[in-house]
Amino acid sequence: MDVFDNLLLGFETALTPVNLLFCLIGVALGTAVGVLPGIGPTATMAMLLPITFGFDPVTSLIMLAGIFYGAQYGGSTTAILINLPGESSAAVTAIDGHAMAKNGLAGKALATAALGSFFAGTVGTLVVALFATPISQVALQFGPAEYFSLVVVGLVASIALASGSTLKALAMIVLGLLLGTVGQDLTSGVPRFTFGQRELFGGLNFVSLAVGLFGVAEILRNLEHGVTRDVVVKKVEKLWLTREDFRRIRMPVLRGTGLGAVLGVLPGAGHVLASFVSYSVEKRASKHPEQFGKGAIEGVAGPESANNAAAQTSFIPLLTLGLPANSIMALLIGALIIQGITPGPNVINDEPALFWGLIVSFWIGNLFLVVLNLPLIGLWVKMLTIPYRWLFPAIIAFATIGTYSLGLNAYFVYSIAFFGILGYVLIKLGCEPAPLLLGFVLGPLLEEYLRRSLTISRGDPTVFLTRPLSAALLALAALALTVAVLPSVRRKREVVFEEEDA
Amino acid sequence: MDLKNARKDLGAGAVFVAFGLAFATTASTYEVGSGLQMGPGYFPLALGGILVLLGVLIAAKAFVSPETGELGPVPWRAAALLVAAILFFGFAVRGLGIVPTLFVSVLLAALAGPKVRVVPALVIATSLTVLSVVIFIYLLQLPLRLLGPWLS
């Protein structure tokens, strides 16, 4: 089958009424949480995971993925209108987008963001379609030793590109790996770290962990100061661009798309990085760099295209290798596992309809987003008036019901509280929660591959270094770690990354 | 050096050392085995050791170049109320049923808000309970009882 046939299969899957409906629901919800500060796509997806349990696997993934890239759109809307990026990758958009809004050009800025994002999303989807098959074919040659090293690379690289202290991020990964060992050991059946409680034999629940770390901990952060938002409801007019505007944004959109498509594949916060790099590239390439920061349309077009292209291509490692690049992708892995699908290079062959349907749904979702964001912009602006004192009890309600319904297991609910407090304490102490979630998801895999590799090599641990591909991957991990602790890189990183999306 | 500046690193180090020790000592009570025949204790014991080491390094770094920055206020009351809300839900949902349990939990959560008064909190709790029941029980058909055996 070539790409064309595959895409055709994708359209057949994605265009069924049910899948279209849930794609729309996903991107609409995503836009909503992107607009609302104080609740991020990670927490939303974690809360909705239990609900998607009863869906078809493809429907559930289409909706969850829609929340992710929908949030990228929503984040830029608030960045432009009220200078408050609802999502970290929209922080750059706020600079010139909000300046344009103050000059009375809010409509123009929103249209630029939406059209640039749509173009970038389309290209990003095509890139995923083109590269997915060859990459997963390479990965199919991997033995357990290569997989072990691949998971190590994924874990290490995710912290090299994240913010904060590298040591702490490493410790968070290890803590996540350890938490992943709770429950019955797969090989021997011995229950580990369960305190003799039968309810813990199945392991800690992934949804509880995610909701606690990203939902409850975030609420506590917000309640520290009492969130106050200035609601500046403006009338948004003139939602179209002139021929001159199109000429000005053409190159920035193209460059941003290219940058985003490449950087999005990187683990960690590839889409945040992409929008920052694109902004500085546009500023350098511009004949009028002095306009940047005062409402340059190029400063909106470039970064917006970059972060949306990156949002699409960040699915590549997930779909081809089963390797989550960030906490959102880790949630999608969790969704796959809940649905009984083993993530990895086999998905593309075993579940072609799921794979291509999901990819095509990205493009359809992007189309929905243009419609949702331009004509319906007034609706989202109104949503900003929802007060936080309504929002966070709703998060608690949805999180507890959803988690409980997963297995009608009270321990799943108790662990939300435990991870909420643990997450809050660790965030207070300067540790990012995302590496812990990645470690938790990948922990069982890592142990499994370690065991299998050592069994095959008859207990010889040098197997990871003597197999060339595995050695190369481990060298890559070592390199990423070294780069991350270099002082010059550190300082730049701190400038680039303010805060990972919650 | 100023211990106050190092609080973040020392605290984080202590948390990691504590978790590492707890996992490692428990893991050593399971069969550890060898590289070839890995027992259930092998992987967690190794990771527990690594975590202790990382925790010590983080704490040691506090004496060289601590991560500065204020810890900021801690919303004790909100934290206690949110934990109570979640634990109550887990404890009571089977016995009381979803409606009363959710009402109490959301009420507790709503009271965690800044400068919140009782009447608005009751309004929030009532509306969110109704909304959740409509979404989860009627639309999504979750198999949860509205009222549990403790009430009948």
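Summary of computed values
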quantity	calculated
Residue that is farthest from B:Phe19 (Cα to Cα) [pool: residues in region A:399-416 that are open to solvent by less than 10 Å² (accessible area, probe 1.4 Å) and at the interface with another protein chain (Cβ under 7 Å from one of its Cβ atoms)]	A:Ile401
Unique residue being in contact (Cβ under 8 Å) with a residue 12 or more places away in the chain, surrounded by 23 or more Cβ atoms within 10 Å (Cβ to Cβ) and either in contact with a Cys (Cβ under 6 Å, 6 or more places away or on another chain) or not basic (Lys, Arg) (or both) when the list is A:Gly180, A:Gly203	A:Gly180
In region A:51-82, residue surrounded by the fewest Cβ atoms within 10 Å (Cβ to Cβ) [restricted to those that are of a type in the set (S, T, N, Q) and away from chain B (no Cβ under 14 Å)]	A:Thr78
Verdict on B:Leu81 being more than 9 Å from chain A (Cβ to nearest Cβ) and closer than 27 Å to A:Tyr411 by Cβ	yes
Looking only at region A:272-286, and only at residues there that are hydroxyl-bearing (Ser, Thr, Tyr) and open to solvent by less than 20 Å² (accessible area, probe 1.4 Å), the one that is nearest to A:Leu110 (Cα to Cα)	A:Ser275
Test: A:Gly66 is in a helix (DSSP H, G or I), touching a residue at least 24 places away in the same chain (Cβ under 8 Å) and over 17 Å from A:Val272 (Cα atoms)	yes
Total residues in region A:287-313, condition open to solvent by 30 Å² or more (accessible area, probe 1.4 Å) and in a loop (DSSP other than H, G, I, E, B)	4
Which numbered condition B:Val99 fails, given (1) over 23 Å from A:Pro387 (Cβ atoms); (2) open to solvent by 40 Å² or more (accessible area, probe 1.4 Å); (3) facing chain A (nearest Cβ under 7 Å)	(3)
Unique match (being free of Cβ contacts under 8 Å to residues at least 60 places away in the same chain, facing chain A (nearest Cβ under 7 Å) and not charged (D, E, K, R)) among B:Pro73, B:Pro149, B:Pro120	B:Pro73
Test: residue in region A:465-487 that is open to solvent by less than 80 Å² (accessible area, probe 1.4 Å) and modelled with pLDDT under 60	no
Condition met for A:Gly154 (of a type outside the set (Asp, Glu) and modelled with pLDDT of 85 or more)	no
Residues of region A:377-398 satisfying the condition of being more than 8 Å from chain B (Cβ to nearest Cβ) and among the small types (Gly, Ala, Ser)	A:Gly378
Enumeration of residues in region B:102-117 that are part of a helix (DSSP H, G or I) and within 9 Å of chain A (Cβ to nearest Cβ)	B:Leu102, B:Ser105, B:Val106, B:Leu107, B:Leu108, B:Ala109, B:Ala110
Pick from region A:94-125, criterion closer than 15 Å to A:Val253 by Cβ, open to solvent by 30 Å² or more (accessible area, probe 1.4 Å) and of a type in the set (A, V, I, L, M), ranking: farthest from the chain's Cα centre (by Cα)	A:Leu115
Residue ID - modelled with the lowest pLDDT, chosen from residues in region A:321-342 that are buried (at least 24 other Cβ atoms within 10 Å of the Cβ) and of a type in the set (S, T, N, Q)	A:Asn326
Hits in region B:22-33 (condition: open to solvent by 60 Å² or more (accessible area, probe 1.4 Å) and either at the interface with another protein chain (Cβ under 7 Å from one of its Cβ atoms) or assigned to a loop (DSSP other than H, G, I, E, B) (or both))	B:Ser28, B:Thr29, B:Glu31
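Yes/no matrix, rows are residues, columns are (1) within 19 Å of A:Leu179 (Cα to Cα); (2) surrounded by fewer than 20 Cβ atoms within 10 Å (Cβ to Cβ):
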position	(1), (2)
B:Pro44	yes, no
B:Leu47	yes, no
B:Leu53	yes, yes
B:Leu57	no, yes
B:Glu70	no, yes
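The values are calculated or read from the model by the stated rules, or taken from the named source; none is laboratory data. Values in this document were obtained by computation on a predicted structure and should not be read as measured data. Virtual Cβ from ideal backbone geometry, glycine too; neighbours counted across all protein chains shown. All accessible areas refer to the heavy atoms of the entire protein, side chains included, with ligands and DNA or RNA removed. Shrake-Rupley method; radii C 1.70, N 1.55, O 1.52, S 1.80 Å.
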